[in-house]
Structures are given as structure tokens and as C-alpha cells.
Amino acid sequence: MTNETKTAELHVDGKTITMPMMEDNAGFRAVDIRTLWRDARVYTYDPGFGCTVSCQSAISHVDGEKGQLLYRGYPVEVLTEHCTFVEVAYLLIHGVLPNQAQMEKFSDLFNSHSMIHEDMRTFFRRYPERAHPMAVLSAMVVSLSSFYPEVDKTDEDIDMAATRLLSKLRTIAAFSYKKSIGEPISQPSHKLSYCANFLNMMFSSPVVDYQIDPIIVRVMNQLLVLHADHGQNCSTSTVRMVGSSGANLYASVCAGICALWGPLHGGANQEVVEMLERIHREGCSVDKVIEQAKDKTNPRRLMGFGHRIYKTYDPRAAIAKKICHEVLARLGKQDPLLDLALGLEAKALADPYFVERKLYPNVDFYTGIIYRAMGFPTDMFTVLFALGRLPGWIAQWQELKRDPHQRIGRPMQLYTGPMQPAFVPIDQRT
Ligand code: ACO
């Protein structure tokens, strides 16, 4: 990060306001407007924060024109190919790739903290059977702060809270699935790796041993790595916003999970498969779906398409598409939804509406088809996204805590309500 000698000028009320420019390590520039209100008594207006930098961060970099995603400088393609999810979690949280000894210690910690408190387990019984697992996940995560209240007094507390979260989230995720299908839970095992453990807790039962396929374990790792961090997206900004008030890690991550759930964000992976299922069921033509998505009077968008930053192919979507073909081949499955998705993509990418707006498949377009082939029900898809994004949220929360420029998050507004209307006592109001 450099503070440039260059400046930007803004002319307000005949006055020239000079503001410094900043440039990041990838060459992206920003105008530092921090003194604008003080010097010119004006705010900046940017709904959705499309043009607003909220922090300096060394964790991940997204270049939307190049279609590039880096974690701590490493391309996501390299990490997906060569690293496990636990290695990438270490990289995001500690800033460097672990050596063998560090990796073993990190993985051992996950084993020691993988169980959830016996009293917390009783919570699962109280949720209605049809509870969405994202509702259960968020509530269970914030509940961790009541079972493990030593959260952020010391650096050790913070490290322990991060370890507990990483380890327990997969247990909570698997338990919430088991609850939803009315099966007894499967406990985590010290003998299994992070992803194998998760798959085993999801799919083994007292009567059926789950055969752990190393190729499927690798795919699970790859999918979690794909989701591990992504700049200041909606859920990560939520984690930071909540953390900026001094809220603990569990509370901040709980808020991030809720933000992720929305259909325009991580919830899109469930929406994509539900959209494809609907098209398949109703025998709708691909052309009709594209026309509906373009029709501004119709609220239906083409789910899994478009992105605030990517104005070219999302690199994560390209990897997911490749994995999708590999997994279906490995499992010897054919999924008509994949053919539909391929047809939709081809049509959309040739359509002037999508071309002009630079709308491409995003990470959520193909991942749902992979999860489906692996046996996950649709309402677990966003939970899997949360599991993958967790190391990013933790790293971003920790970075926020160490940032000397951090202040409580507090955007301004332009007020559009009435100004001091005459007050009428209740007995005289019509
Ligand atoms: N289908 C149809 N039209 C779309 C789509 C889409 N999927 N996405 C954007 N557009 C259109 C908008 O209608 C708008 O058109 P206009 O200029 O004529 O008004 C234009 O493209 C720009 O779209 P915005 O909504 O302004 O873009 P924004 O950056 O605010 O939103 C978002 C990005 C939310 C991802 C949007 O593209 C979308 O709703 N996509 C579908 C949901 C989805 O897949 N979300 C997952 C995103 S990835 C993630 O969060 C993990």
C-alpha cells in the first residue's frame, strides 16, 4: 500500500478540496475522503458500496476484469489443485502456508475441539424438523459464546475461539442435517481428516458405514477452498461491521452466516438448483428462462449469474464447472440439471443482454449440481458455503482487531422523512 504523492480535487461551493490518493499492491487506487465532511460539509453517496473501500486488507484480492482471485497472493487455481482446506485455512488465518509440523499441530487442534458440548446437543432436539439448517447453524454459532465465554481477552482466547469455530462448525452442520432427517447423529472421529470427518458425520448411520471415497474427499476440499475468502463481500463486511462494535468472534460470524443466507449471496447455490429443478419439472425451454430473466417486470433473475466485481468469468465458476464434470463421471451419474445448466450458460453468454451487462456464471452456478451428486440435500448447500467461508471470516475479523485505522462501522444517510410536523396528542388524532 502506498500513499501517493498524487491528489484528487473536489470543487464544492466554490471551494477546492484536495484529498490524498492511495494505491494498493495490485495497482487499484482510491481517494482518501476521510476529511471531506470536516473540510466541505458533504458526504459521499454510494448505495450498495460499489465504489467504497471500507478497509485495508492483506487476505484476498479479487480482480474482476482479469477474473483473478488470490488468497494471500496465491491464485485460487493453484491452492485448489495442491492444498487441502485445512492448509488454506491456516494460510488465510496465519498469513503463510504451514510447514508439515505446523499443519499437524493445526489439524490436531481440530480433532481435540470437534465435539460440541453435551448441553448444546440438546438444542438440536428443540428445532422443528423442517428448520432450515442455516437458521440452526447461525443460532448454534452464537450459542458457542455462552458455552465458551473466554472469547477475546487475550490472543490465546482469540486463537482458541477461532479453532473451536473451525472445528465445531462442521460438527454442527452435520448434526443439523441429521436432525432434519430424523437420524441419530454421528460423532466426529480423531482418525479422519477434516473433510473425511465431515462427510462421515453427514452420511454414516448406525446401520450403514459410509465408504469414504478419497476422490470425493478431495472434491470436498476443493469446494471448501473455492469459497474460503473473497474480499469485502456482503457476509464478510457484515462480520467486520459487527466486529467493529467490539462484538466477539462467535457473534460476528453468526451475523455473517445470516448475511450469507440471502439468495443474492451464498443462498444462490440453493436457488440455482431449485431453478434448474423447476425448469426440468415444468419442461420449460431455456429460451423462455432467459427471456424471463431479462424481463424487468419479472422478479426472476438468472440465479448463479452476475457478480458485483467479476465482469468476466468468475474463476471459481470455471473450477466448479470442471469439478462438476469430474464428479459426475467418477460417480457414474448423469444429471439432466447439468445439461440444462450448460444450455443456459451457452444461451446467456451469446445473448446481448448478458453480454452488454457482462453477466457470467458465478461460483454458485455449478456448485449445487456437484453437492447434489455427492448426496447433499439442497437446503444444506449454503451451509457448505458457510463452512468454506469460515476461515476467511475469522482472518478478516482478526485483521480488523489488529487494524490501527479501525473504527466502529457507521455509514451516513440522506434523510428523506418529514421535518418536525406539528405534534397532535393521541386523543385528537384521526
Ligand atoms: N439475471 C438477470 N439480470 C441480471 C442478473 C441476473 N442474474 N444479475 C444482474 N442483472 C442485471 C440487473 O438487472 C441490472 O440490469 P440494468 O442495468 O438493466 O438495471 C444489471 O444486470 C446490473 O445488476 P445489479 O443488480 O446492479 O448488479 P449488482 O452488482 O448490484 O448485483 C448480484 C450483483 C446480486 C450478484 C446480481 O448479479 C444477481 O442478483 N445475481 C443473481 C443472484 C446470484 O447469483 N447471486 C450470487 C452472487 S455470487 C456470491 O455472492 C457468492
For the stretch 1-108 the mean separation of alpha carbon contacts under 8 Å (6+ apart) over residue count, i.e. relative contact order in percent, is 13 percent
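Quote the charge dipole size of the chain about the Cα centre in Debye, to the nearest 20; the model charges only the Cβ of Lys and Arg (+1) and of Asp and Glu (-1).
For this selection, approximately 600 debye.
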The stretch 119-163 and the stretch 1-74 have their Cα centres apart by a whole-number Å value of 36 Å
Taking Cα atoms only, helix 133-147 is inclined relative to the longest principal axis of the chain by an angle, in degrees rounded to 10, of 80 degrees
Taking 86-97, 55-66, 226-237 and ranking on average Cβ neighbours within 10 Å, highest first, one gets 226-237, 86-97, 55-66
The ³J(HN,Hα) series, computed from each phi in the stretch 112-123 with the Karplus coefficients 6.51, -1.76 and 1.60 at θ = phi - 60°, rounded to the nearest Hz and given as x for glycine or proline, is 5, 10, 6, 7, 10, 3, 3, 5, 5, 4, 5, 4
Rounded to the nearest 5, the percent of antiparallel DSSP beta bridges in the chain equals 95 percent
Within the set Phe381, Phe203, Phe28, GNM on the chain using Cα springs under 10 Å gives the largest fluctuation to Phe28
Taking protein heavy atoms only, a 1.4 Å probe, and rounding to whole percent, the accessible area of the chain owed to carbon and sulfur comes out at 54 percent
Dipole check, the stretch 54-130, charges on Cβ (K,R +1; D,E -1), about Cα centroid: among Ser57, Ser112, Phe124 the Cα furthest to the positive pole belongs to Phe124
Of the candidates Met160, Cys324, Tyr45, the farthest towards the positive dipole end of the chain (Lys/Arg Cβ +1, Asp/Glu Cβ -1, centred on the Cα centre) is Tyr45
Diffing the stretch 247-260: the Karplus 3J(HN,Hα) column from phi (6.51, -1.76, 1.60, θ = phi - 60°), in whole Hz with x for Gly and Pro, holds 5, 6, 4, 4, 5, 5, 5, 4, 5, x, 4, 5, 5, 5
Longest principal axis of the chain (C-alpha) makes with the long axis of helix 364-374 (C-alpha) an angle, in degrees to the nearest 10, of 20 degrees
With label points set 7 Å from each Cα along the Cα-to-Cβ direction at Ala101 and Met412, the distance between them in nm comes to 5.3 nm
The farthest towards the positive end of the charge dipole of the stretch 271-320, of the residues Ile290, Ile309, Met275, given +1 on Cβ of Lys and Arg and -1 on Cβ of Asp and Glu, is Ile309
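For Phe423 and Phe49, calculate 0.36 nm times their separation in residues minus their Cα-Cα distance, and state this gained length in nm to one decimal.
On the way: separation 374, 0.36 × 374 = 134.64 nm, distance 3.65 nm.
Difference between extended and current length: 131.0 nm.
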Of 160-172, 115-127, 6-18, ordering from highest average Cβ density within 10 Å down gives 160-172, 115-127, 6-18
Measuring from the longest principal axis of the C-alpha atoms of the chain, the long axis of helix 85-94 (C-alpha) lies at a number of degrees, nearest 10, equal to 30 degrees
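If I take R0 = 60 Å and measure r between the Cβ atoms of Asp155 and Lys15 in this structure, what FRET efficiency does the formula 1/(1 + (r/R0)^6) give, to the nearest 0.05? Don't skip to the end; give the middle numbers.
On the way: r = 46 Å, r/R0 = 0.77.
E(calc), rounded to 0.05, equals 0.85.
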Under the Karplus relation with 6.51, -1.76 and 1.60 and θ = phi - 60°, whole-Hz ³J(HN,Hα) for the stretch 22-37, x at Gly and Pro, equal 10, 9, 8, 5, 9, x, 7, 10, 9, 8, 7, 9, 4, 9, 4, 5
Ranked output for segments 153-159, 246-252, 366-372 by mean other Cβ atoms within 10 Å, highest leading, reads 366-372, 246-252, 153-159
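What accessible area per residue comes out for the chain, rounded to a whole number of Å², with a 1.4 Å probe?
On a per-residue basis, 51 Å².
The values are calculated or read from the model by the stated rules, or taken from the named source; none is laboratory data. Every value quoted in this text rests on a predicted model; they were computed, and no experiment measured them. No Cβ is skipped: glycine too gets one built from the backbone with ideal geometry, and neighbour counts run over all protein chains shown. SASA here: full protein model, heavy atoms, side chains in, ligands and nucleic acids out. Shrake-Rupley method; radii C 1.70, N 1.55, O 1.52, S 1.80 Å.
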